[in-house]
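Reviewing the structure listed below.
The values are calculated or read from the model by the stated rules, or taken from the named source; none is laboratory data. Treat the numbers as computed from the prediction; the structure is a model and nothing was measured. Neighbour counts run over all protein chains shown; Cβ positions are idealised from the backbone, glycine included. Accessible surface areas use protein heavy atoms only, side chains included; no ligands, DNA or RNA. Shrake-Rupley method; radii C 1.70, N 1.55, O 1.52, S 1.80 Å.
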Amino acid sequence: FGGDQRLYRSVMTERRICVQRAIAASPAVIFEVLASPDGHVSIDASGMLMSAAGDAVSAVGDRFSVKMDRESLQDFPLGEYEVEVVITCFEVDRAIAWGIESANLQPPIGHVYGYELETIEGGTLVTSTYDWTDVHPDWEAAVDAIFPVISETNLRATLGILARTVAPGLGRPGAEED
């Protein structure tokens with residue numbers, strides 16, 4: 001290996017997966033994609049997000065809808081369905097996180113997805129987190145069967161697609177040291 005290992009770290013605990021990737025783009029450029037409903041669909045590596053509707057988010061509590069298809073995961077026969085993405089953290093060019101709500105999932109499960117952005121030499125260190133530590137008690141008995149919905153591989157691949165989207169053809173900052 002070699003280079004700054006901090007730039008390529010992943011952490012998995014019992015109920016949280018965090019992966020990082022250095023991307024050759026500014027936090028502002030990356031954040032614009034992450035705040036956009038269409039941006040979520042365009043960078044999704046799981047294959048579940050089919051389309052989105054709504055305006056770019058700008059505050060905690062903002063929402064947009066996403067049409068989903070669980071077929072790509074081959075885990076539960078949920079077919080096509082729609083969810084509401086509800087923003088739970090919003091710091092322009094620094095952090096964004098959201099939970100999922102659906103009429104079919106009551107009470108909301110309580111899992112959270114998010115990104116943190118840190119300026120580094122040559123771009124931005126992006127941390128993607130998938131966290132199910134605060135699952136609603138009504139869903140606790142199903143945790144082992146349901147989670148993780150998205151794998152570490154999916155999170156890493158999504159960061160790769162994000163990099164390709166915001167910095168096409170540009171190398172990964174620090175990659176020359178690998």
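Odds and ends about this structure:
- Reported count of residues in region 1-22, each being within 30 Å of I146 (Cβ to Cβ), at pLDDT 85 or above, crowded, with 18+ Cβ neighbours inside 10 Å and not polar (S, T, N, Q), is 4.
- Among residues of region 38-56 that are within 18 Å of A163 (Cα to Cα) and of a type in the set (D, E, K, R), none has a beta-carbon under 7 Å from a residue that is open to solvent by 30 Å² or more (accessible area, probe 1.4 Å) and modelled with pLDDT of 90 or more at least six positions away or on a different chain.
- Close pairs (6 angstrom Cβ cut-off, 6 or more residues apart or separate chains): without any contact (Cβ under 8 Å) to a residue 12 or more places away in the chain and charged (D, E, K, R) in region 131-156, part of a loop (DSSP other than H, G, I, E, B) and open to solvent by 30 Å² or more (accessible area, probe 1.4 Å) anywhere: none
- For region 138-163, the tally of residues that are under 26 Å from V29 (Cα atoms), outside any helix (DSSP H, G or I) and not small (G, A, S) stands at 1.
- Filtered by the rule that a residue be modelled with pLDDT of 90 or more and touching a Phe, Trp or Tyr at 6+ places or on another chain (Cβ under 7 Å), region 130-145 gives a lone residue, Y130.
- Subset tally (residues that are small (G, A, S), buried (at least 18 other Cβ atoms within 10 Å of the Cβ) and assigned to a strand (DSSP E or B)) for region 25-54: 1
- Test: residue in region 93-112 that is modelled with pLDDT of 95 or more, touching a Pro at 6+ places or on another chain (Cβ under 6 Å), among the aliphatic types (A, V, I, L, M) and over 17 Å from V41 (Cβ atoms): no
- Members of region 164-176 found to be in contact (Cβ under 8 Å) with a residue 24 or more places away in the chain, open to solvent by 30 Å² or more (accessible area, probe 1.4 Å) and in a loop (DSSP other than H, G, I, E, B), listed by number: L170, G171, R172
For every residue, the table says whether it meets (1) in a strand (DSSP E or B); (2) modelled with pLDDT of 95 or more; (3) open to solvent by 50 Å² or more (accessible area, probe 1.4 Å); (4) of a type outside the set (A, V, I, L, M, F, W, C).
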| site | (1), (2), (3), (4) |
| --- | --- |
| S72 | no, no, yes, yes |
| F76 | no, no, yes, no |
| V86 | yes, yes, no, no |
| E116 | yes, yes, yes, yes |
| S128 | yes, yes, no, yes |
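- Taken over region 99-110, the residue count meeting the criterion of being open to solvent by less than 20 Å² (accessible area, probe 1.4 Å) and either within 20 Å of I30 (Cα to Cα) or not in a loop (DSSP other than H, G, I, E, B) (or both) is 2.
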